[in-house]
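Below is one structure, written out as structure tokens, with a few remarks after it.
The values are calculated or read from the model by the stated rules, or taken from the named source; none is laboratory data. As the structure is a computational prediction, the values presented were derived from the model and not from experiment. Reconstructed Cβ throughout: ideal geometry from the backbone, glycine too, with neighbour counts over all protein chains shown. We work out accessible area using only protein heavy atoms, side chains counted, and drop any ligands, DNA or RNA first. Shrake-Rupley method; radii C 1.70, N 1.55, O 1.52, S 1.80 Å.
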Amino acid sequence: MIFNPAQQTSRTRASAAYRIAMTISLALTGSIVLYIVIGLVILRSRSAVSQDQLLVPFYGAAAVFAIGSLVFRRIQMQAPRLEAVVARRGVEGLVGHLVTTTIISGTLVEVVGLLGLLLSLMSGDLTHVIRLGVVALAVSVYNFPRLRAWQTGADRERVTHKFRK
């Protein structure tokens, strides 16, 4: 493999930003686990109170946030979108775009876990925090940033920059 300083620089930037985004994703996923643990610890001593009128709005909102997180990430990570970001703002813009996409999609999933905790605290039923917590964890794992995708985007910047000259 031939050493290319431009490629190394863009890959290095993408890798550094990836580590930041990965840390943020892990923190958000850890807080979802924390919501589940808090719900289980607090609700072990309480009895369940029927709150059937809250189920549909809370589960509906959780579905909207979970699906919204998936759709948002898919749209922002499409190749044409990434190429447009690279063409307008270069590798720095791409790195910022990838980090911002990770934070926003992680925050949307975070709301799902929080809704599960709130519904469980209001109703006293452990199943809500477990169900919505598992959904939030599954979406969080799916949305977890992938280094190869970030480095591929950084390589696109190099190719796009070469053709702009």
Q: Classify segment 17-99 as rounded, prolate or oblate, taking a ≥ b ≥ c as the square roots of the eigenvalues of its Cα gyration tensor: rounded when a/c is under 1.5, otherwise prolate if a/b is larger than b/c and oblate if not.
A: oblate
**Q.** Rounded, prolate or oblate (a/c below 1.5 giving rounded, otherwise prolate when a/b exceeds b/c) for segment 1-150 by Cα gyration tensor
**A.** prolate
(Q) Calculate the FRET efficiency for Thr127 and Arg74 from the Cβ-Cβ distance with a Förster distance of 35 Å, rounded to the nearest 0.05. (A) 0.75
Q: Please report, as a whole percent, how much of the solvent-accessible surface of segment 89-129 comes from carbon and sulfur atoms (probe radius 1.4 Å).
A: 76 percent
Q: Whole number in Å², please: accessible area per residue of segment 81-122, 1.4 Å probe, ligands, DNA and RNA not counted.
A: 37 Å²
